[in-house]
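The values are calculated or read from the model by the stated rules, or taken from the named source; none is laboratory data. Bear in mind that the values here come from a model prediction, so they are computed numbers and not experimental data. So basically every Cβ, Gly included, is an ideal-geometry build from the backbone, and we count neighbours across all protein chains shown. The protein model used for the area step is the full one, side chains on, heavy atoms only, and it has no ligands, DNA or RNA in it. Shrake-Rupley method; radii C 1.70, N 1.55, O 1.52, S 1.80 Å.
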Amino acid sequence: MALSVSDLPAIYTLLANSMSGDESIRKPAEAALSQSESRPGFCSCLMEVITAKDLAPQVDVRLMASVYFKNSINRYWRTRRDSSGISNEEKVHLRQKLLSHLREENYQIAQMLAVLISKIARFDYPREWPELFSVLAQQLQAADVLTSHRIFMILFQTLKELSTKRLTADQRIFSEISSHLFDYSWHLWQSDVQTILHGFSTIVPGYNSNTLEQHHDELYLTCERWLLCLKIIRQLIVSGFPSDAKCIQEVRPVKEVSPMLLNAIQSFLPFYSSFQKGHSKFWDFIKRACTKLMKVLVAIQARHPYTFGDKCVLPPVMDFCLNKITDPKPDLFSFEQFLIQCMVLVKSVLECKEYKPSLTGRVMDENGLTLEQMKKNMSNVVGGVMGSLLPKERIVLLCNVLIRRYFVLSASDLEEWYQNPESFHHEQDMVQWTEKLRPCAEALYIVLFENHSQLLGPVVVSILQEAMNGCSTSVTEVTPGLLLKDAAYAAAAYVYYELSNYLSFKDWFNGALSLELSNDHPNMYIIHRKVAIILGQWVSEIKDDTKRAVYCALIKLLMEKDLSVRLAACRSLCLHIEDANFSEQDFTDLLPVCWDSCFKLVEEVQEFDSKVWEESSAESLLQIQLLIALRNFVVALGYQSPNCYNMLLPILQSGIDINSPNELNLLEDSMLLWEATVSHAPAMVPQLLSYFPCLVQVMERSFDHLQVAVNIVEGYIILGGTEFLSMHASSVAKLLDLVVGNVNDRGLLTVLPVIDILLQCFPIEVPPLISGTLQKLIVICLSGGDDRDPSKTAVKAASAAILARILVMNTNYLAQLTSEPSLSLLLQQAGIPIEENILLCLVDIWLDKVDNVSSVQKKIFGLALSIILTMRLPQVLDKLDQILSVCTSVILGGNDELAEEESSDNMSSSRSHGEGTIPSKELRRRQIKFSDPVNQLSLENSVRENLQTCAALHGESFNSAISRMHSSAFMQLKQALKMP
């Protein structure tokens, strides 16, 4: 039964009670609201509560109403199979009501209303809500500052939402929005800058009067509107134009906007110190504004590097950032977030691949000039600009400043260290590099050094030598010389690979590093910690004749009193033990004292990240280290690993036996050894094949090792092929049935790719074997709840892709599976009402989740949807418009995305393993992906042929359905299918 105005008091009371601290009041109210969500008129009641003038003071109730409204949009706005949703009439009313309530006084409510409009726009713009932007633009013409601020909140949220839609048609629509909105937003932004600067100039002399402060409220609101406008301009430039790195076309607004953004920063910065004392509100704005302006420049450079490389943009921006980094005024040195963004921009430019010689293939444009040549020409131009911006003297200066100023520990750093050495360790070495100034300076330094290693290698060695000469190993005071040595050691630690050409580790270790450890004064912990880090970073440069001495040095550091030093030493020891060239022979007799020190460390640390060693018996730790060493040995041998099977396989068999007395301590490392063995095996041997049932036993015990277990299963599928499946089909089915339905969403996302690979390899044989698992996937697809949970959305999308693959590769089987009585029972038990053909229900999911899957999966969705066109069901025609829209977008936008996805996949694979050491499993995985039958199918042909079948099946009804398609959508369909 529909809700109406007469239900408003009841809804208001329920909203108020849902926030009660008394559970006996809150729980019934929440239950009643939950039951009302799906009733017609519920959102209209909520809208009345939100906008009622007499309820303006009741902010908490109105906020709660807006939260329920947002949830209802997510769940019921789009017509769904399992609910009637919100009627078109109510939608029209709600859209009109939202646009008539733009001048909301309360900031939080206004923000929620902006979110509500953006959520609806994602579904309805432009087809059902074409007037959205024109109404907002019209309202802006006569708006006061508050109303215009609220409209810009709406514009920002809506553009942010629409920019995430990835289908070709949606991106084209976003580009059209950009072209209409950009000029107005940009002119307002420029006008507001002048207003703000004029206002600031009037308040700098004196800011003591309360009357003046009241008059400045409007100026502050203008500041906030300007910030929103800046975010909108960023969104329009970044998302409204294709990246010039791909299309090689100049993006005009970049050249117009970027210099003005820089001018704004230069105009605002002088007020940083002026407003610092007694002007907190505007000082906070200056900090946000300058930081955001730099972030926008960073985003534009990343998206449109070639246009940003123009001589009117790159030189002044880079010159400004470099000057601020190398010579910040004393008052600006405290403005860390701004300096961080300056460093981020310089780093982005230095490592920008578009500014380096192009290695792209020879793709011809219509004029005969290759894209490769066009990119090279542009790269050469930018290269010349960079050369003039960064002469050798400036590169050396930047390197010196980074090391001598930004690497040096401050008094506050040292105080933090002394107060809590464990927190200091994590803050310095595990923080995101863009969050803190020193890690950011270190990241910039590493890129600078990599780009100019021949120039900077001698410079860094010179600084290192100067620092060591200026601070002897016997020093006991924290002097500038000691802090410079710490900074120089950091500089040498982070670029070990390039610096090894200019510095012999053996000479450095014997001549200085080992001597540092002989000074036990507490102040030397500063240097000892850095020595510990160096010994871990330089692991690949430490030769056999020095390894023993380095191991001894690290164990000495592991026994020091300072917790930060010990944690650094512990991590470096891990790096050595995990190194493929780890010398077990040099380390074996050090094990007892090493483990004893590690146990003491585990007892002392408080933070979870510090507990890198498991608490277990000394004997088990020794066995664990042997398993780790053996695993490294297997990885190092690669294709030659069967040479050690006589020793390896008995140890592995014992380690994966869940009945072993030491199973709890050794299982994790035994599983990792098993994974490495299968991954690097050139072929499956009978003994290894016979171990597979142990995996089912491990999983029956617990899901603690799920990720590794999945990798092992994948290895057996890829390596064992038909022999494996014929021998262990029942174990595979049992394992998948055990996992699916009994793990959380994260676990499901781990295991679903294995099911997909199984189906790629055995599309006919596997589906009947795992029918129980597939039925569970159908239940997952048809369940609700994913609209407010991204992980559930990902699970549903991946499950739907698996079912779509079966329809494409084994069509008859999926039709049979969806008609099984056992599936109906399963759906009934899950409380999922099914009123139509289950295949048609899956169609709704494929249509709904096409934005949430990879390019390959989009093609699979498209192929599955094209097959649906051949079904003898009249309901197919109701979905014809949506099916053809999705297929069209996939055809028109698919090839580029697919190529990009494959390219990035290959790059990530190469990065993961290094040249020449790719595991045999990885090579086979690539072969399977390449030979995926889906790659051989043409979606264009499939849609064309199945559309003809659909027309023959449904006759005049088909023609009627086609005629209802939007003319632009029909034109796109004809373009996709190459129809005249």
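Given 295/329; 734/858; 287/530; 70/792; 255/376; 277/329, which pairs have Cα atoms separated by over 26 Å?
734/858; 287/530
Measure off 7 Å from each Cα along the Cα-to-Cβ vector at residue 172 and residue 504, then give the distance between these two points in nanometres to one decimal.
6.8
Membrane-span-like helices in the chain: DSSP H runs reaching 30 Å or more (Cα, own axis), mean Kyte hydropathy at least -1.0?
Those that clear 30 Å and a mean of -1.0 are 168-203, 210-239, 280-303, 880-913.
Taking the simple approach of a point 7 Å from Cα along Cα-to-Cβ for both residue 819 and residue 966, what is their distance in nm?
3.7
I'd like the accessible area for residue 416: 1.4 Å probe, protein heavy atoms, all chains in place, Å² to the nearest 10.
So the heavy atoms of residue 416 present about 70 Å² to solvent.
Can you give the charge dipole size of the chain about its Cα centre, rounded to the nearest 20 debye, using +1 on the beta carbon of Lys and Arg and -1 on the beta carbon of Asp and Glu?
2400
Taking the full set of protein chains and a 1.4 angstrom probe, give the accessible area of residue 765 in square angstrom, rounded to the nearest 10.
100
Heavy atoms only, 1.4 Å probe, whole protein assembly: order 699, 979 by accessible area, highest first.
979, 699
Tell me, what is the per residue accessible area of the stretch 289-347 in Å², probe radius 1.4 Å?
29
To the nearest 10 Å², what's residue 24's accessible area with a 1.4 Å probe?
80
Relative contact order, percent, of the chain when contacts are C-alpha pairs under 8 Å separated by at least 6 residues?
Relative contact order here is 6 percent.
Among 970, 475, 875, whose Cα lies farthest out toward the positive end of the dipole of the chain, if unit charges sit on the beta carbon of Lys, Arg (+1) and Asp, Glu (-1)?
Value computed over the given set: 970.
Would you work out what percent of the accessible area of the stretch 833-887, with all protein chains in place, is carbon or sulfur (probe 1.4 Å)?
45
Loop only by DSSP, 10 or fewer other Cβ within 10 Å of the Cβ. Give me the trypsin sites (Lys or Arg not before Pro) in the stretch 1-108 that pass, ordered by residue number.
none
For the chain, what's the radius of gyration and Dmax over Cα atoms, in angstrom?
My reading of the Cα-based Rg and Dmax gives 32.2, 96 Å.
Taking the simple approach of a point 7 Å from Cα along Cα-to-Cβ for both residue 30 and residue 351, what is their distance in nm?
Between residue 30 and residue 351, the simple spin-label model gives 4.4 nm.
When only the heavy atoms of the protein chains count and the probe is 1.4 Å, how do 703, 407 rank by accessible area, highest first?
703, 407
Please compare each pair in 485/506; 160/978; 165/356; 929/978; 311/347; 324/347 to a cut-off of 25 Å on the Cα-Cα distance and tell me which ones are over it.
160/978; 165/356; 929/978
Using only the heavy atoms of the protein chains and a 1.4 Å probe, how would 54, 183 rank by accessible area, largest first?
The residues order as 54, 183, largest area first.
Placing +1 at every Lys and Arg Cβ and -1 at every Asp and Glu Cβ, with all other atoms neutral, what dipole size does the stretch 1-94 have around its Cα centre, in debye to the nearest 20?
The dipole of the stretch 1-94 has a size of about 380 debye.
Please give the residues of the stretch 113-148, grouped as numeric ranges, whose backbone N is less than 12 Å from a label point set 7 Å along the Cα-to-Cβ vector of residue 187.
Inside the label zone: 141.
What shape does the stretch 437-487 have by the C-alpha gyration tensor, where a ≥ b ≥ c are the square roots of the eigenvalues, rounded means a/c under 1.5, and otherwise prolate means a/b greater than b/c and oblate the rest?
In terms of gyration-tensor shape, oblate.
Over the stretch 158-200, with the other protein chains present, what is the accessible area per residue in square angstrom, probe 1.4 angstrom?
Counting only protein heavy atoms, the per-residue value for the stretch 158-200 is 44 Å².
Charges on Cβ only, +1 for Lys and Arg, -1 for Asp and Glu, centred on the Cα centroid of the stretch 92-164; of 130, 146, 163, which one is farthest towards the dipole's positive end?
Most positive-ward Cα: 163.
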